[in-house]
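Colleague: Input: one structure, supplied below.
The values are calculated or read from the model by the stated rules, or taken from the named source; none is laboratory data. Everything quoted here is computed from the prediction, not taken from an experiment. Backbone-built Cβ (ideal geometry, glycine too); neighbour counts: all protein chains shown. Each accessible area value is taken on the protein alone, full model and side chains, heavy atoms only, with ligands, DNA and RNA left out. Shrake-Rupley method; radii C 1.70, N 1.55, O 1.52, S 1.80 Å.
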Amino acid sequence: MATASAVPKSLFLPNLHNPTTLSQVKLKSLQTPLRILSQESILSSNGVPTKRNFVENAQSREMGVNRIHSSRRVVVRSMGSDSSITSTGLSNKVFGALHLVVSLGLILAMDKLLKQAFVTAAIKFPSALFGMFCIFTVLMILDTIVPKAAAGLVNFFEPALLFIQRWLPLFYVPSLVVLPLAVKDIPAASGAKICFILVGGWLASLCVAGFTAISVRKMVKTEMIAAEPMSKPSPFSSLEVWTWSMIFLASFVGALYYPTALGTSARTCLPFLLSSTVLGYLVGSGLPSAIKKVFHPIICCAVSADLAAIAFGYLSKSGLDPVLGDYLTKAASNPGAGDILMGFLGSVIISFAFSMFKQRKLVKRHAAEIFTSVIISTLFSLYSTALIGRLIGLEPNLTVSILPRCITVALALSIVSLFEGVNSSLTAAVVVLTGLVGANFVQVVLDKLGFNDPIARGIATASSAHGLGTAALSAKEPEALPFCAIAYALTGIFGSLICSVPAVRQSLLAIVG
């Protein structure tokens, strides 16, 4: 039996004196871990490689090669996964945009078709309100029969609802932008009386709604439960600001040099007036909280649009009034920027159906507090406005114009359309100004009055300052948002229903004189 020492070393050890062999060893040493190629790991104590060490050397070489191949596979896979993630993200964005267009388009189309049908049938009831009732009824029936179908329908329209929620204040702006035209023929004394009714009426309505809610809660003693979570729209980005800025500059210069490039002056001015309004909202939304308490984003919108109108009127030598007339033409065949924005007001009313459906459990549980407060505060707002207007000697047509001061713009305009000889521009302006007063002062007043219950705070805010007050309070007190949303919708709904009754309209006119 041969011993280890008798085995020729030339069978295992390379010839280190040969330059070719030496270069091969160096090359192999770069591809294999040093611990495997070192002499200690290859040779036994007497300088001869053992069978075990030689086998380990071969296995280690194979493992090293496998590691290289596996690392290459990982790199290739990660590169493939990155590209797949990018393509998936892009496809999701495209799908999301299409989803928004389809869902929002259906709501707008429904609003337009209902409006045309009601005009053709000479029905004075608000068409958007009828659409809201229809959707809410369908959702409730589906929820009873096929709950998944109701949830699927709500989820389908969720992008449209978030869009409306994100841009809601913009839909109120046109009435403030054209306020100089609305109040141009109103005497200063009448304007002061309207301001008195506006501020005093807001405070009185807030107190009535809040104290009613507290009193009813003490009687029914219903415990609070968690509300359904409310989705929040995405914040504004710097890209949106730059995009709208470029649109404004390009369209402003284009309209200045080619006043009728798009057929009419209203259509030509539409892009820069719309972009100036949107820019004002974006900038106003980004202001510090301390500034927004005094300078609400909706005021920033109106100021921005008016400054753009003043600049264009000065440079084009046309004056301010014609530009403001092009901003809100109230003509479907020749719309302005304000007409586009106010065209979404009907969709706001229709979206109430989804808000109410989401909070149906909350409405059912706190029905006594919510409905009692909304009914009493709405009746108080309508009849107290009519009475105070007569007591302080405000002109009857102006008093009727401001009757729905605590009801959201879309339904307030529908309500005053039931009366004759009203100033609808004044109606919209007073409603928005009431909301601004509430947005700026509602939290302080609620604290002073000792309204600590989220239900009372939410109902009192929405019943007196509708959407703008709701947005201001819910931004700081999310727990009050569901009650704000419910009262905000129900106040407008009940106000429209009650004013649709001829006997109620006649009684209001009798008080106004």
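Colleague: Report whether or not S496 is of a type in the set (G, A, S), under 24 Å from K124 (Cα atoms) and open to solvent by 20 Å² or more (accessible area, probe 1.4 Å). Let's see the steps before the verdict.
Modeller: Numbers: of a type in the set (G, A, S): yes; under 24 Å from K124 (Cα atoms): yes; open to solvent by 20 Å² or more (accessible area, probe 1.4 Å): no.
So S496 does not fit the description; no.
Colleague: Further question on the same structure: Limited to the range 275-289, what total is found for residues that are open to solvent by 30 Å² or more (accessible area, probe 1.4 Å) and over 18 Å from the mean Cα position of the chain (by Cα)?
Modeller: 2
Colleague: Given (1) on the phi < 0 side of the Ramachandran plot; (2) assigned to a loop (DSSP other than H, G, I, E, B), where does V348 come up short, assuming only one miss?
Modeller: Among (1) on the phi < 0 side of the Ramachandran plot; (2) assigned to a loop (DSSP other than H, G, I, E, B), V348 violates only (2).
Colleague: Also, I was wondering about something else. Tally the residues that are hydrophobic (A, V, I, L, M, F, W, C) and touching a helix residue (DSSP H, G or I) at 6+ places or on another chain (Cβ under 6 Å), restricting the search to the range 94-145.
Modeller: Residues that pass the stated criteria total 14.
Colleague: While we're looking at this one, here's another question. Of the residues G393, G389, which is surrounded by fewer than 21 Cβ atoms within 10 Å (Cβ to Cβ), of a type outside the set (D, E), more than 18 Å from V501 (Cβ to Cβ) and at pLDDT 90 or above?
Modeller: Selected residue: G393, the only one of G393, G389 that is surrounded by fewer than 21 Cβ atoms within 10 Å (Cβ to Cβ), of a type outside the set (D, E), more than 18 Å from V501 (Cβ to Cβ) and at pLDDT 90 or above.
Colleague: All but one of (1) of a type outside the set (V, I, T); (2) touching a residue at least 24 places away in the same chain (Cβ under 8 Å); (3) open to solvent by 40 Å² or more (accessible area, probe 1.4 Å); (4) part of a helix (DSSP H, G or I) hold for L382, so report the exception by its number.
Modeller: Result: L382 fails condition (3) only.
Colleague: For a quick check of your reading: which helices (runs of 4 or more DSSP H) sit entirely within the range 447-513 and have at least 1 residues that are within 27 Å of W167 (Cα to Cα)?
Modeller: Where helices (runs of 4 or more DSSP H) fall fully within the range 447-513 and carry at least 1 residues being within 27 Å of W167 (Cα to Cα), they are 454-476, 481-499.
Colleague: Just one of K232, K292 is under 22 Å from W167 (Cα atoms), surrounded by 14 or more Cβ atoms within 10 Å (Cβ to Cβ), modelled with pLDDT under 95 and charged (D, E, K, R); which is it?
Modeller: K292
Colleague: Does the range 307-314 contain at least one residue that is of a type outside the set (G, A, S), open to solvent by less than 50 Å² (accessible area, probe 1.4 Å) and at pLDDT 90 or above?
Modeller: Our first condition is that a residue be of a type outside the set (G, A, S); within the range 307-314, this holds for 307, 310, 312, 314.
After this cut, where a residue has to be open to solvent by less than 50 Å² (accessible area, probe 1.4 Å) as well, the list is 312.
From what's left, at pLDDT 90 or above: 312.
Yes, the range 307-314 has at least one match.
Colleague: For the range 439-458, enumerate the residues that are closer than 24 Å to H366 by Cα and surrounded by 23 or more Cβ atoms within 10 Å (Cβ to Cβ).
Modeller: Selection gives V442, F451, I455, A456, R457, G458.
Colleague: For the range 163-196, how many residues meet the condition of being of a type in the set (A, V, I, L, M) and buried (at least 17 other Cβ atoms within 10 Å of the Cβ)? Full working, then the answer.
Modeller: Within the range 163-196, the subset of a type in the set (A, V, I, L, M) is 164, 168, 170, 173, 176-179, 181-183, 186, 188-189, 192, 194.
If we keep only those that are buried (at least 17 other Cβ atoms within 10 Å of the Cβ) as well, we get 164, 168, 170, 173, 176-179, 182-183, 194.
Total meeting the criteria: 11.
Colleague: Then there's this: Among the residues that make up the range 398-415, is at least one of them surrounded by fewer than 19 Cβ atoms within 10 Å (Cβ to Cβ) and over 22 Å from L181 (Cβ atoms)?
Modeller: Checked the range 398-415: no residue is surrounded by fewer than 19 Cβ atoms within 10 Å (Cβ to Cβ) and over 22 Å from L181 (Cβ atoms).
Colleague: Test V374 against the stated conditions and say whether it is within 30 Å of S215 (Cα to Cα), surrounded by fewer than 23 Cβ atoms within 10 Å (Cβ to Cβ) and of a type in the set (V, I, T).
Modeller: no
Colleague: Got a number for residues in the range 358-371 being within 25 Å of the chain's Cα centre (by Cα) and open to solvent by 10 Å² or more (accessible area, probe 1.4 Å)?
Modeller: Residues meeting the conditions: 4.
Colleague: Additional query: What are the pairs, 6+ residues apart or on separate chains, where a residue within the range 259-272 that is within 14 Å of I340 (Cβ to Cβ) and of a type in the set (D, E) has its Cβ under 8 Å from a residue that is open to solvent by 40 Å² or more (accessible area, probe 1.4 Å) and not in a helix (DSSP H, G or I)?
Modeller: none
Colleague: Take G131 and tell me if it is surrounded by 15 or more Cβ atoms within 10 Å (Cβ to Cβ) and of a type in the set (G, A, S).
Modeller: For G131, the condition - surrounded by 15 or more Cβ atoms within 10 Å (Cβ to Cβ) and of a type in the set (G, A, S) - is met.
Colleague: Please count how many residues of the range 389-408 are among the small types (G, A, S) and assigned to a loop (DSSP other than H, G, I, E, B).
Modeller: Residues flagged as among the small types (G, A, S) and assigned to a loop (DSSP other than H, G, I, E, B) within the range 389-408 amount to 1.
Colleague: So which of G201, G210 ends up being among the small types (G, A, S), part of a helix (DSSP H, G or I), touching a Phe, Trp or Tyr at 6+ places or on another chain (Cβ under 7 Å) and buried (at least 19 other Cβ atoms within 10 Å of the Cβ)?
Modeller: After ruling out the rest, the residue left standing is G210.
Colleague: Given the condition out of contact with any Asp or Glu (no Cβ under 6 Å at 6 or more places or on another chain), among the β-branched types (V, I, T), surrounded by 15 or more Cβ atoms within 10 Å (Cβ to Cβ) and at pLDDT below 90, answer yes or no: does some residue in the range 246-257 qualify?
Modeller: For the range 246-257, residues out of contact with any Asp or Glu (no Cβ under 6 Å at 6 or more places or on another chain), among the β-branched types (V, I, T), surrounded by 15 or more Cβ atoms within 10 Å (Cβ to Cβ) and at pLDDT below 90: absent.
Colleague: Here's a follow-up. Any residue that is over 30 Å from G393 (Cα atoms) and small (G, A, S) - is there at least one of those in the range 181-189?
Modeller: no
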